[in-house]
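Below is one structure, written out as structure tokens; comments come after it.
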Amino acid sequence: MKISKSIPGTWFFLIAISSLFIGLLFGALGGIQYVFPGFLKEALSFQKIRPLHVYLVINWIFCAAAGAVYYYIPYVSGRKLYSTHLAKLHILIQLIILVWVVTGFFMGRFGGREYLEFPPYIVLLIILAWILFMINFFVTVKPSFKEVPVYIWSWSTGLLFFLITICEAQLWLLPHFNNNIIRDITVQWKAMGSMVGSWNMLVYGSAMFVMEKITGDKSINRSKKAFFFYFLGLTNLLFNWGHHTYIVPSSELVRTISYTISMTELLILANIIYSFRKTYFKTNPHKHFLSFRIVTYAEAWILLNLILSISISVPAINFYTHGTHITVAHAMGTTIGINTLLLLSSLVLIAEEMIGDGKLFTPYFNRSFIFLNISLLVFWLSLVGMGICKIIAVHEKNSFTEMMAKLYPYFQVFSISGIFVFLGLLLVLMPVFKTYLKLGFAKQSSDPS
Amino acid sequence: MQKLLIFAILFITYITYSSWVYTRGTDRASIMTSNQEWGKQIYQEYNCQSCHQLFGLGGYLGPELTTVISDKNRGELYARILLENGAIRMPNFHLSPKQVNALIDYLKYVDANAFTYKTDGK
Ligand code: HEM
């Protein structure tokens, strides 16, 4: 059975890709500012560029994840989407938020916190849009949690916890939190850490669905092992945020819990190494080979990033790496290498359902994809390099200016490889974007099937 | 059924843990004065966090500010000069003297509560 067309899904994909392209442009400008301190310093300084970049690329993740869910739920539930009106409203509000936030940042209107730098009243719109999405999801799927496959659990969890964490991230508006710096920062990072977990749940849910579609094996998402890893992921979402705040003087217990839970990620790591080999050497998918390939690359990125995350979760190591670009390597390594690639596998899978399996797997795509991955590796290593160099500079008690001078060669590599990552994503996503633009709104009858 | 039970147990533990984090788990800091609070608001409104870190969190183009006030090589006067004039990478925000005072007051508050940065963190 084919995945049928979803107009809201297409809208979300198009918004997502556009958002990514613009966000990448700001990322590249930010990279250039590292190399040339005076570049756009007054007109568009880093304090505008950074939130523009981070907001837009995270918006890519959320919108692409929402698009995939809109496409998949009628297929997995065997029902039509509950309400296209609600979905339209969701799209409309999403667009309003996007325009509002971006123009606000341009004009220097902040007032929020890191990652949510816009004034807090905009969060009300975000919550409203999310509730509309949740209604459509739950009423369409009507999940009976005893029987449903693991990806339904994963999506449901992602939906619920984004709502919880976006509200929690506003607690600073209350004096009880705002007046106490330790509480404020701890709760901010508790919320943000778990929010990352919530979008991971949405992204991984779709990735698990993609794997099922590729292999045709329905049992993988209903197995005990699948649920074991789901619950392990959930435990990490709930309790693992403390590694962001090791250095914040909250209670010792926060650190101990976080550290203990982080180490359970070792199990995920062990499983990945095991199943990576298995899927790579044993599976021979005949369907959706391109999506399979993208997932395989994402698995390699998961491996690399897990090694880094687990290392920086060890307090003795975190003491040094905290506050360096190793944190940025962790952030961008996971959001690009893992989230972006897994979402890409969904976008490609659905696009190929429209134009025919294998149609996107061209030598052009292949070359662009490899170019993207190599650029990303250099980009990621340059950030790790910056982090290590900074640790040495701090150890040698260098001043900030001395340290920046030492890091300069890394900035150059970072900036240039970042532009390549941008180009790589542009090359890879362009044919996907065009496919949705051309066929994503067309009547179902124009399907090649 | 088993799955729902595991979910419920995890969720209840999460709620309990959250309530503890919101209260006893984070009660070590002193309470801000209203001027410090205003400083904090300015810090957010000018998005200083995009370039600076407090407790290692924030953007990375600029230096960490948690202990800028008590740092022997930097200190209050240095911070004031930077805030009033900007520098190579830091823009001049044309802040009023009152705003600068509030920001400095806020940074002093942060510094005074940066227990983990001093001695052995106890
Ligand atoms: C899909 C692509 C990308 C995603 C999802 C992404 C995501 C992110 C995230 C989440 C952060 C915040 C990091 C943190 O707070 O630790 C960040 C920061 C940043 N990103 Fe990206 N990024 C992407 C591509 C790029 C590219 C191509 C460049 C080009 C050079 C770039 C440049 C930057 C810069 C300069 C920062 C700020 C680092 C700092 O605070 O000093 N990003 N990005």
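A few points about this structure:
- Pairs with Cβ under 6 Å, 6+ apart, first in the stretch A:15-27 and aromatic (Phe, Trp, Tyr), second part of a helix (DSSP H, G or I) and open to solvent by 20 Å² or more (accessible area, probe 1.4 Å): A:Phe26/A:His53
- Scanning the stretch A:126-150 for residues that are within 14 Å of chain B (Cβ to nearest Cβ) and either open to solvent by 40 Å² or more (accessible area, probe 1.4 Å) or over 26 Å from A:Lys218 (Cα atoms) (or both) gives A:Ser144, A:Phe145, A:Lys146, A:Glu147.
- Of the residues making up the stretch B:36-45, one or more are of a type in the set (Ser, Thr, Tyr) and open to solvent by less than 60 Å² (accessible area, probe 1.4 Å).
- Where helices (runs of 4 or more DSSP H) fall entirely within the stretch A:295-365, those with at least 3 residues that are open to solvent by less than 20 Å² (accessible area, probe 1.4 Å) are at A:325-332, A:341-355.
- Selected residue [of a type in the set (D, E, K, R), open to solvent by 40 Å² or more (accessible area, probe 1.4 Å) and modelled with pLDDT under 95] from B:Lys72, B:Lys108, B:Lys98: B:Lys72
- Every test in (1) among the hydrophobic types (A, V, I, L, M, F, W, C); (2) open to solvent by less than 60 Å² (accessible area, probe 1.4 Å); (3) not assigned by TED's automatic domain parsing to the domain that holds B:Met90 is passed by B:Ile15 save one, and that test is (2).
- The stretch B:35-53 - residue that is more than 7 Å from chain A (Cβ to nearest Cβ) and not aromatic (Phe, Trp, Tyr) and, of those, farthest from the ligand (Cβ to nearest atom): B:Asn35
- Residues (open to solvent by less than 10 Å² (accessible area, probe 1.4 Å), over 17 Å from the mean Cα position of the chain (by Cα) and either of a type in the set (Phe, Trp, Tyr) or over 24 Å from A:Thr401 (Cβ atoms) (or both)) located in the stretch A:7-60: A:Gly9, A:Thr10
- Options B:Ser30, B:Ser18, B:Ser70: the member that is within 18 Å of A:Asn178 (Cβ to Cβ) and in a loop (DSSP other than H, G, I, E, B): B:Ser30
- The set of residues from the stretch A:101-120 being open to solvent by 10 Å² or more (accessible area, probe 1.4 Å), touching a residue at least 24 places away in the same chain (Cβ under 8 Å) and not small (Gly, Ala, Ser) comprises A:Val102, A:Phe106, A:Phe110, A:Arg113, A:Tyr115, A:Leu116, A:Pro120.
- Being away from chain B (no Cβ under 11 Å) and surrounded by fewer than 17 Cβ atoms within 10 Å (Cβ to Cβ) is a description that does not apply to A:Val123.
- Residue match in the stretch A:78-89 (condition: open to solvent by less than 30 Å² (accessible area, probe 1.4 Å), of a type in the set (A, V, I, L, M), modelled with pLDDT under 95 and more than 14 Å from the ligand (Cβ to nearest atom)): no
- Selection status of A:Tyr71, under 21 Å from the mean Cα position of the chain (by Cα) and open to solvent by 40 Å² or more (accessible area, probe 1.4 Å): no
Table: residues versus (1) open to solvent by 60 Å² or more (accessible area, probe 1.4 Å); (2) within 13 Å of another protein chain (Cβ to nearest Cβ); (3) within 14 Å of the ligand (Cβ to nearest atom); (4) more than 27 Å from A:Phe371 (Cα to Cα).
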| site | (1), (2), (3), (4) |
| --- | --- |
| A:Val384 | no, no, yes, no |
| A:Lys397 | yes, yes, no, yes |
| A:Thr401 | yes, yes, no, yes |
| A:Phe411 | no, yes, yes, no |
| A:Leu437 | yes, no, no, no |
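The values are calculated or read from the model by the stated rules, or taken from the named source; none is laboratory data. If you're wondering where the values come from, they're calculated on a predicted model, not measured in any experiment. Counting neighbours? That spans all protein chains shown, and the Cβs are built from the backbone with ideal geometry, glycine included. Accessible surface is based on the protein model in full, side chains and every heavy atom, while ligands, DNA and RNA are left aside. Shrake-Rupley method; radii C 1.70, N 1.55, O 1.52, S 1.80 Å.
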